[in-house]
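Participant: Mind looking over this structure? Questions follow.
No value in this document is a laboratory result; all are computed from the given coordinates. Because the structure is predicted, anything quoted here is derived from the model rather than measured. FYI the Cβ positions are ideal-geometry reconstructions off the backbone, even for glycines, and counts take in every protein chain you see.
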């Protein structure tokens with residue numbers, strides 16, 4: 001199925017953050033995963049041992065296992081859950097934000113999917129463990145074929161008019177939802193206007209195409225995150241003066257943006273993270289990492305190479321995923337600043 005079926009802005013499954021300050025621009029959307037689920041009832045029990053199998057109810061479970069490390073229980077559970085899907089090129093890593101809630105005694109263990117040694121930015125399994133048992137779990141791991149990293153193409157994205165149509169459809173659904181809950185004035189009174197949402201998301205859809213035609217997309221730039229980042233800043237900045245500066249002095253700004261790379265550990269994996277300085281409208285250096293992201297392909301998902309950026313602005317703290325190949329598109333964005 002052609003990539004237009006990415007329904008990239010099936011992307012737009014998430015509503016934008018509520019905004020009380022009319023001058024604070026914010027963005028927020030991401031892919032919808034038809035396979036993502038959260039399980040509470042009928043969670044299988046893991047059988048201890050090197051095989052980490054799921055218990056069918058016939059195998060006795062030792063009490064010593066129930067008293068063992070909840071992180072090991074969670075790891076064993078995920079290993080059994082994925083079973084033959086795991087390989088040298090398709091594995092998972094323990095995220096550093098896993099923790100035990102002292103008030104409830106529940107240990108929340110988060111795992112990130114690793115494909116070809118690269119993070120799947122939206123591939124997570126969260127396992128909740130209490131008293132030696134998995135009581136619930138959520139799963140959004142990619143379930144398709146592992147791409148060949150040597151011959152893997154960097155996939156294009158749908159045309160801008162297709163993206164805009166899907167954004168408009170999403171915003172129409174959002175307006176219907178707003179009107180249906182209009183009685184909750186305390187909740188909805190601070191919401192951004194629909195024309196603002198449309199402008200923030202659609203205003204620069206054609207800009208990357210224009211840049212490509214003008215020659216701004218350099219050959220071989222898929223290994224350089226600066227162009228993708230500058231396109232995100234073009235869309236994210238609330239300041240018209242910054243937009244014009246980027247459009248009028250694109251090449252000079254790119255040249256002034258310096259980057260360096262260092263090692264970053266996630267579980268037993270070591271990946272490279274870039275630090276980019278002199279980014280327009282950012283108040284601190286931007287972190288950049290090469291990732292995969294899942295995009296819709298019919299009733300399943302496919303993987304696309306992308307850059308993930310952590311961007312701190314005056315009124316926003318964004319985590320954004322942008323395509324690696326020009327013309328650039330924002331595939332997912334979360335604003336961690338809430339009003």
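Participant: How would 336, 307 line up from fewest to most surrounding beta-carbon atoms within 10 angstrom?
Facilitator: Numbers: 336 12, 307 26.
Ranking 336, 307 by Cβ neighbours within 10 Å, fewest first, gives 336, 307.
Participant: When 71, 137 are ordered from fewest to most other Cβ atoms inside 10 Å of their Cβ, what list results?
Facilitator: Working: 71 15, 137 22.
The fewest-first ordering by Cβ neighbours comes to 71, 137.
Participant: Here's another thing I want to ask about it. Please arrange 315, 33 by how many other C-beta atoms lie within 10 Å of their C-beta, fewest to most.
Facilitator: 315, 33
Participant: Given R₀ = 35 Å, FRET efficiency for residue 240-residue 260 by Cβ-Cβ distance, to 0.05?
Facilitator: Efficiency, rounded to the nearest 0.05: 0.65.
Participant: Rounded to the nearest 0.05, what FRET efficiency do residue 24 and residue 102 have when you use their Cβ-Cβ distance and R0 = 30 Å?
Facilitator: After rounding to 0.05, the efficiency reads 0.30.
Participant: Evaluate the distance, in nm, between pseudo-label points positioned 7 Å from the Cα of residue 87 and of residue 149 along their respective Cα→Cβ axes.
Facilitator: Result for the modelled spin labels: 1.4 nm.
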